[in-house]
Every structure is written in structure tokens, then in C-alpha cells.
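Worksheet: the structure to be examined is printed underneath.
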Amino acid sequence: MSNTAITRSLFDQVMVPNYSPLAMIPVRGEGSRVWDQENNEYIDLTGGIAVNALGHAHPELVAALTEQAKKLWHMSNYFTNEPTLELARKIVANTFAEKVFFANSGAEANEAALKLARRYAFDHYGKEKTEIIAFHHGFHGRTFFTVSTGGHAPYSDGFGPKPADITHLDYNDLSGLEKAMSDKTCAVILEPLQGEGGVLPIDKAFAQGIRKLCDKYNALMILDEVQTGMGRTGSLFAYMDLGIIPDVLTSAKALGAGFPISAMLTLDKFAGSLTVGTHGTTFGGNPLACAVASKAFDLINNQAMLNGVKEKERLIRQALEEINNEYHAFEEIRGSGLLLGAVLNEQYQGRAKDLLLACADQGLLVLMAGASVIRFTPALNISDQLLEQAMDKFKQAVKVLAE
Ligand code: PLP
């Protein structure tokens, strides 16, 4: 008789081993709560790594998805469709963007951004202007171009020759960038707060300096807001608090609030370089994804939701401070809005995974950002009450770690 049970061990049997998921298998979610196969309940402060901005199974998103599912799923790029145009119109009306390209993942949006920068430079300045400047600890996705642009060489080593002409510099080091940039530079790509790299905030002066240098050398400033965008930092996009306007911005993760979709936003003068046939994707901008994203956009892009993010940031920071007064486990709490990192101090270096597992034992789901940082990226609409319960559980987990 064949074994038909769906268990964690089945993962090891049938899945490529590029992930190492927890032992429990979540089967159901509602708001910021999740249940596993045994009906154990968890509070979810992972938000699907900054994806589920409105929690699980939000009724209005479910309605948007099911309504569209009954109408039209997919047609191809031979046609456009209403949800795509509606979403693009909303993005253009509410950001610096004049044009939008839709794809399916953050990596694909960044791939499009990097290709656009190279093509724009080629069209206007000739074939020598190819250098892309990126930053150590940056993360831009796992396609070969984007992972090579990311600032963590082990992710891109061992796959043969890498895409050429990518320079990595130190984040927040403006003088280093000043020295490195030249007429050969076609783009500078960065996150306005490095998420995967350890929740590392940007200096405003650095962002503004990049803007000036990009103008000086006719290079595109590409802001990767895949993790920071769609309300995560308390503004619709993080650039809105930096006093700059990027040339290209990428969004994904929370854009679909759990349904896969990404977007590259840009200006008319750059968009013109992606003429018919230069770039494309089968599924990008499909009606299902755009219908969900369009509803999510309305729910996130309002002052009450964005103010709530800042309020909840205060709640988490205060709770972490209290926990730290008792257990002295963290040397720093950093980040912005609901993208926060608790950095373990010297005594607990490398033990973020232990703390994450201790949290799971308490019925709490959190993330890491490197081996020594616990990352919180809850749904933007998590209730204060649930957040307080979550921080109580976190305290218990820290206590276990400290014992
Ligand atoms: N860019 C940033 C800043 C990210 O945080 C991520 C994912 O974590 C990506 C790009 C890649 O997005 P995706 O995994 O959807 O390709």
C-alpha cells in the first residue's frame, strides 16, 4: 500500500533540497494567525517575508480573486486586459512613475530594470556604458543577473561565468561611490533599506548623493523596493521619505499581498527603450494577479493603514526594549515601519535560528536576516492585541534562549 500522508519528510523525498522548511506544515491562515496540520495555532509575524501585507485570506482579496477567476484568467500579451490597466493607472497616479511593466517576482522586476538601464545607455550613449554599481549585502533576486548584482558572492558563485561589469561597493559609503562612478556607469541599484542583508537602514544623505551622481553621469538610479514597498515602512514607498525620485523602482512581494506579481516603475524617457520585442513575460500582468493587486493597492494606500504601520512599529520597539532590559539579548533594534531587525549581541552571535525555533515552540513565527538578526515583517493590519500577544511569546522565547 502506498503511503499517501503529506508530511515534512515527504519534502525531503520529492523536493529539490534548496530550502529547509520548519517541521510543521501550515494548512490554513486567517489574518495574522496560522494553523498547522495538527491544528496548532501560531501568530504570524513573518507576513510571508513582507508579502502578506493584509494577512491571510483577507475577505476583500478573496472576493477580488474569485470574482476575476470567474471572468478571465489569462490571455497572453497579444492582448491587454482591464485589471492590468486599472492597476497601472493607480500606480502611475500615486507614484513618480509614468510607465509600468508587470512581471511575476521581485527578481524579474529587477531583471527588467537592469536590462532597461543597459538598453537605455546603449541607445543613448553607446556600447561602452555598461557598468552597474550595486552594494555589498544587497539582495535583488535569484536570476543570474540579479543574484550577481546582489552583494553576497556565495549566492552567485559556482554557476559558471557571471554577467559582466557589475561593481560592488559599501552601502552608505558615498565617497566610495564618488570615486567609483564614471561615464561608464549605466545604473546604480540599491535597496532603500537592506532587508535580506540584515535590516540595514540607509543614510538619507547617501540616497541623495546617489541621486546627484546618477544625474552627473547619466546613470539610472534603480531603487529596489521589493521588500520595502507597498506600505512596509509606513509610506507607500520608502523613496517618499528620502527626498529623492528614482529613475526606476521595482515592487513585488506586498504588491499582490500574497498573489505573485511584480512591477517595474519608470519614466517615459527611459521606458521608450523597451520597444516591442525587447523584453517580455508570459504571465506578467495577468488578470488574476492584477485584480488582487488592484484591491490590495486600495487597501494599503490610505493614511489610516500607513499611520497604523508607524504605530505598530512603536509597539514592537517598546516591547523589544522591555524584553531587552530584562534579558540583554540585543545590541540594536533597527529598521523602519514593519520591517524591523533585532540584532543579537555578542553573547548570542549566530543564534538567530535557535531563537526562531524557540519562537515556533511558543506558537510564534518570526524570520531571520542573517545568522544573528531576528526579523519582523508582520501584516500591516495586524491588530495591536495580537501584536501584544506575539511580543509576550517572543519574550518567552528569549527567556528560553537566555536560560
Ligand atoms: N529584491 C529584494 C529587496 C528582496 O527582498 C527580494 C526577495 O527577498 C527580491 C528582490 C527577490 O524577489 P523574488 O524572490 O520575488 O524574486
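How long, wide and thick is region 72-300, going by the Cα atoms along their three principal axes, in whole angstroms, largest first?
Reported extents, whole Å, longest axis first: 51, 37, 36.
For the residue pair ASN218 and ASP354, what label-to-label distance in nm results when each label sits 7 Å from Cα along the Cα-to-beta-carbon direction?
Taking the two extended label points, one gets 5.6 nm.
Given Cα pairs under 8 Å that are at least 6 residues apart, what percent is the relative contact order of region 249-403?
Details: 185 pairs, mean separation 27.3, N = 155.
After rounding, I find 18 percent.
Please name whichever of HIS74, ASN110, ALA93 sits farthest to the positive end of the charge dipole of region 74-151, dipole taken about the Cα centre and charges placed at Cβ: Lys and Arg +1, Asp and Glu -1.
Of the options given, the answer is ASN110.
Here are some pairs, LYS115/LYS353; LYS90/LYS129; LYS184/LYS212; LYS70/LYS99; LYS90/LYS269; LYS90/LYS216; which of them have Cα atoms lying more than 25 Å apart in this structure? Don't skip to the answer; put the middle values down first.
Working: LYS115/LYS353 36 Å; LYS90/LYS129 34 Å; LYS184/LYS212 16 Å; LYS70/LYS99 29 Å; LYS90/LYS269 20 Å; LYS90/LYS216 31 Å.
Beyond 25 Å: LYS115/LYS353; LYS90/LYS129; LYS70/LYS99; LYS90/LYS216.
Whole-Hz ³J(HN,Hα) for each residue in region 167-183, computed from phi via Karplus 6.51 cos²θ - 1.76 cosθ + 1.60 with θ = phi - 60°, x for glycine and proline: what do you get?
10, 10, 10, 7, 5, 6, 9, 5, 5, x, 5, 4, 5, 7, 6, 7, 5
For the peptides 361-367, 253-259, what is the packing order when you average, over each peptide's residues, the other Cβ atoms within 10 Å and list the highest mean first? Provide the component values of the computation, followed by the final result.
Values: 361-367: 20.0, 253-259: 27.1.
The most tightly packed comes first, giving 253-259, 361-367.
Considering only SER76, SER20, SER294, give the residue with the highest GNM mean-square fluctuation for the chain, with springs between Cα atoms whenever their separation is below 10 Å.
Ranking SER76, SER20, SER294 by mean-square fluctuation puts SER20 first.
In the chain, what % of DSSP beta bridges are antiparallel (nearest 5)? Each step should come with its number before you reach the end.
Details: 31 of 47 bridges.
Roughly 65 percent of the beta bridges in the chain run antiparallel, per DSSP.
Across region 41-54, in residue order, what do the Karplus-derived ³J(HN,Hα) couplings come to in whole Hz, using 6.51 cos²θ - 1.76 cosθ + 1.60 with θ = phi - 60° and x for Gly and Pro?
Couplings: 9, 10, 8, 9, 9, 8, x, x, 6, 6, 9, 7, 4, 10 Hz.
Rounded to the nearest 0.05, what FRET efficiency is calculated for GLU326 and GLU98 with R0 set to 60 Å and r the Cβ-Cβ distance? Intermediate values should be presented prior to the final figure.
Values: r = 52 Å, r/R0 = 0.86.
In this case the efficiency is close to 0.70.
So between ARG314 and ASP123, what do we pick up on full extension, going 0.36 nm a residue minus the alpha carbon distance? Mind dumping the intermediate values first?
On the way: separation 191, 0.36 × 191 = 68.76 nm, distance 4.75 nm.
Extra length from ARG314 to ASP123 when fully extended: 64.0 nm.
When the C-alpha atoms of region 102-218 are aligned to their principal axes, what extent does each axis show, in angstrom, from largest down?
Largest first, region 102-218 extends 33, 32, 29 Å along its Cα principal axes.
Tell me the mean residue ellipticity at 222 nm calculated for the chain from its helices only (DSSP H runs of n ≥ 4, each -39500 (n - 2.57), averaged over every residue, nearest 500). Walk me through the numbers before you get to the answer.
Numbers: 14 runs with 157 residues, N = 403.
Here the helix-only value at 222 nm equals -12000 deg cm²/dmol.
State to the nearest 20 debye the size of the charge dipole of the chain about its Cα centre, where the only charges are +1 on K and R beta carbons and -1 on D and E beta carbons. Before the final figure, lay out the partial values.
On the way: 36 positive and 46 negative charges, 188 e Å.
In debye, rounded to 20, the chain gives about 900.
Rounded to a whole number of µm²/s, how large is the Stokes-Einstein D of region 105-161 at 20 °C and 1.002 mPa s, given Rh as the Kirkwood radius over C-alpha pairs? Mind dumping the intermediate values first?
Values: Rh = 12.0 Å.
Translational diffusion coefficient: 179 µm²/s.
Distance from the Cα centre of region 153-183 to that of region 243-277, in angstrom?
Using only Cα atoms, the two centres lie 22 Å from each other.
I'd like the Karplus ³J(HN,Hα) series for region 248-258: coefficients 6.51, -1.76, 1.60, θ = phi - 60°, whole numbers in Hz, and an x wherever there's a Gly or Pro.
9, 9, 10, 9, 7, 5, 6, 4, x, 6, x
Report the full-extension gain for the segment SER182 to SER20: residue separation times 0.36 nm, less the Cα-Cα distance, to one decimal in nm. Could the numbers behind the result be given before it?
Working: separation 162, 0.36 × 162 = 58.32 nm, distance 4.22 nm.
In short, 54.1 nm is gained.
For the chain, calculate the relative contact order in percent as a whole number, restricting contacts to Cα pairs under 8 Å that are 6 or more residues apart.
On the way: 801 pairs, mean separation 87.2, N = 403.
After rounding, I find 22 percent.
Mind sorting SER262, SER372 by how few other Cβ atoms lie within 10 Å of their own Cβ, fewest first? Intermediate results must be reported in sequence, preceding the final value.
Values: SER262 30, SER372 22.
With the fewest neighbours first, SER262, SER372 line up as SER372, SER262.
Return the distance in nm (one decimal) between the two label points of a simple spin-label model at ASN39 and ARG89, each offset 7 Å from Cα along Cα→Cβ.
The answer from the label model is 4.7 nm.
How high is the relative contact order of region 3-124? Use alpha-carbon pairs under 8 Å, at least six apart in sequence, and give a whole percent. Intermediate values should be presented prior to the final figure.
Details: 60 pairs, mean separation 13.3, N = 122.
Relative contact order comes out at 11 percent.
Which net charge results when you count Lys and Arg as +1 and Asp and Glu as -1 among the other residues whose beta-carbon is under 11 Å from that of PHE135? Display every interim value, and only then the final one.
Values: positive: none; negative: ASP170, ASP173, GLU191, ASP224.
Charge balance near PHE135 sits at -4.
Based solely on C-alpha atoms, express the radius of gyration and the Dmax of region 328-381 in angstrom.
In Å, with Rg to one decimal and Dmax whole: 10.9, 34.
May I have the convex hull volume per residue, in Å³, for the Cα set of the chain? Working shown, then result.
Values: hull volume 65.7 nm³, N = 403.
For the chain, the hull spanned by Cα atoms encloses 163 Å³ per residue.
Taking 7 Å along the Cα-to-C-beta vector as the label spot, tell me the THR4-MET75 distance in nanometres, rounded to one decimal.
For the pair THR4/MET75, the computed spacing is 4.0 nm.
Mind ranking 277-284, 98-105 by how tightly packed they are, going by the mean number of other C-beta atoms within 10 angstrom, highest first?
Details: 277-284: 14.0, 98-105: 20.9.
Output ranking for 277-284, 98-105: 98-105, 277-284.
Any read-out appearing in this document is the output of simple, stated calculations on the displayed coordinates, not a laboratory observation. This structure is a prediction, so every number in the text was calculated from the model and none was measured. We place every Cβ from the backbone using ideal geometry, glycine too, and count neighbours over all the protein chains shown.
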